[in-house]
Each structure stands twice: as structure tokens, then as C-alpha cells.
Amino acid sequence: PYDRVFVGDWIKFTGVDAYYHIRLVENLLQHFPRHITFDPYTFYPHGTTMLWPPFLDWFLAGIIWLVSLGSANQHTIDIIGVYFPAILGALAVVPVYFIGKALFNRWAGVIAAGLIALMSGEFLGRSILGFTDHHVAETLFTAVAMLFLILAIKSARQRQLNLGHLKQRDWSVIARPLVYTLLAGVFLGIYLLTWVGGLLFVFLFFAYLIVQFIIDHLRGEATDYLGIVGTLSLLICAVVSVPFLWGEIKF
């Protein structure tokens, strides 16, 4: 919707929440990297505690701060802000391709990437020019987290990773699964810092671990790899997210 975003000398956003995120980004840039936790401009005359986790605003403000060398004006904020969701939406194609490749084969990845690149409906609407909200970031970070979780579990299972390998520090076996697990935990934590409802995704991952454990146990197969990947990824996720979400947790 280029003509509706760039109207004369105006740059207009395409969602109500987008304006509020830009308001937070403007405030953040004035006090970078400190993010407000209480907004006196909402729920007049009382103000409210911030309900949104801060990562999206940090991410956008950090990009603007770097591009402008620490002295962003309103035009720079608005220009980068309106393109931000479209770029995140385009980036989501990459992890989707690798998810399809990891689960099936390269052509499945190509088809999956092509489908999401052309997808209409909610994904298009929330990744479109000017819709600067957290929804497209949710899609990108969950896709990346899911990719690394799949790679970690697949790699750990193929190498028959167990606690003995960890105790003996057998890096030829544990290196790749641990790297994937670390990245999965980091991006899962980033996702929780992007959307307050992100614990639903953590619940789905935990439910998968339980179901897969039961299946492997009934088949008489080893289950150590599930415990290692699941425990480490969720622990890293907690280390990344909990310190920043403590205010929201107390709320």
C-alpha cells in the first residue's frame, strides 16, 4: 500500500498499534537503551505498566540508532519503521525453506518458501508496509526457533546423544546438537521477549517432548537426546528472557 503510506509529505502507518510501537521507539531513542516500563500517557489519568515485552522496540530502535549514528530524526524513524515489517516478513521465507528441507528434502523447502512468500491473509496483512507491530516478528522468531529445535533433535537423535557423551566431553558427538540447542534456546527466548503470549509455543514444544518420549519408550529406543535438548534449550530460553520479563511477571 505504498500510496497510502507515503502521502505527500506524510508517512502514515497502517495500524493503530503501529503508531504506539513507534511512540515507544521514539522514547527509547531519546533514552537509548533504556525502555520505559510505565507509560503515563495511557489509561488517563492513571497511566499503566507496559504490557508488551521490549524486544521488538529494542530491535527497531537499535537499527535506527545504528543507521542514524545515534542522532535519528523523525523522518528516519518513520522511513525505517514502515519498511521494518515488510523486511521481517521477507526474512521469514528463509527459515521456512530450511524447515522444509530439514523435515523432508530440498524441494519441499522450496515449495514451502514459495507458499509463504505468496501467502495472503493474516501473514500478508501483518507483514505489509507500515504495519509495524509485533506479529510478523513473532512469525519470524518462532520459525527460526522451530528450525533450530528440529535440527537439534534430528542431530541429537542421529548421533544417539546421551548423558555419557556429555560427561566424557565427546565433542565429535555433542558439538553440533549443542550448537543447535543453544541457538534454539536463544531464539525461543527472543520470541518470549517479543510477545507476552509466547508461552503457548513453549507449551507446544514441551507437549511434543512428552509425546515423542512415550513413542520412543514404547519402541524401546533411547530417550536421552530428548531430555538433553529439551532441558538445555528451555534453560537457555529462561536465561535469555526471564531477566527482562521480571517486571511483567510481577505484574
Discussion item. Running a GNM on the chain with Cα contacts under 10 Å, which residue among Pro95, Pro53, Pro45 ends up with the highest mean-square fluctuation?
Written reply: Pro45
Worksheet item: Can you give the calculated 222 nm mean residue ellipticity of the chain, where each DSSP H run of n ≥ 4 adds -39,500 (n - 2.57) and the sum is split over every residue, rounded to the nearest 500 deg cm²/dmol?
Response: -23000 deg cm²/dmol
Fill in: Rounded to the nearest 20 debye, dipole of the range 86-157 from Cβ charges on Lys, Arg, Asp, Glu
400
Discussion item. Compute and list, largest first, the equivalent-ellipsoid semi-axes of the chain from the alpha carbon gyration tensor, each √(5λ) rounded to a whole angstrom.
Written reply: 38, 22, 16
Worksheet item: If you place +1 on the Cβ of every Lys and Arg, -1 on the Cβ of every Asp and Glu, and leave all else neutral, what size is the dipole of the chain about its Cα centre, to the nearest 20 Debye?
Response: 840
Fill in: Computed accessible area, Leu69, all protein chains, 1.4 angstrom probe, square angstrom
150
Worksheet item: For the range 1-111, which whole-number percentage of the solvent-accessible area (1.4 Å probe, protein heavy atoms only) is attributable to carbon and sulfur atoms?
Response: 66
Practice prompt. Can you grab the distance from the C-alpha centre of the range 135-184 to the C-alpha centre of the range 55-126, Å, no decimals?
Written response: 23
Response to the item:
Checking Leu66, Leu182, Leu235 against a Gaussian network model of the chain (alpha-carbon springs below 10 Å), the top fluctuating residue turns out to be Leu66
Worksheet, complete the sentence: Ordered by number, the trypsin sites (Lys or Arg not before Pro) in the range 137-197 that occupy a DSSP loop and have at most 12 other Cβ atoms within 10 Å are Arg169
Worksheet item: Looking at Val144, Phe98, His31, which one has the Cα that reaches farthest to the positive end of the dipole of the chain (charges on Cβ: Lys, Arg +1; Asp, Glu -1)?
Response: Phe98
Worksheet item: Per residue, how many Å² of accessible area does the range 1-121 show with a 1.4 Å probe?
Response: 60
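The values are calculated or read from the model by the stated rules, or taken from the named source; none is laboratory data. Quick caveat, the model's predicted, so the values are computed rather than measured. So basically every Cβ, Gly included, is an ideal-geometry build from the backbone, and we count neighbours across all protein chains shown. Side chains included, ligands, DNA and RNA excluded: accessible areas come from the protein's heavy atoms. Shrake-Rupley method; radii C 1.70, N 1.55, O 1.52, S 1.80 Å.
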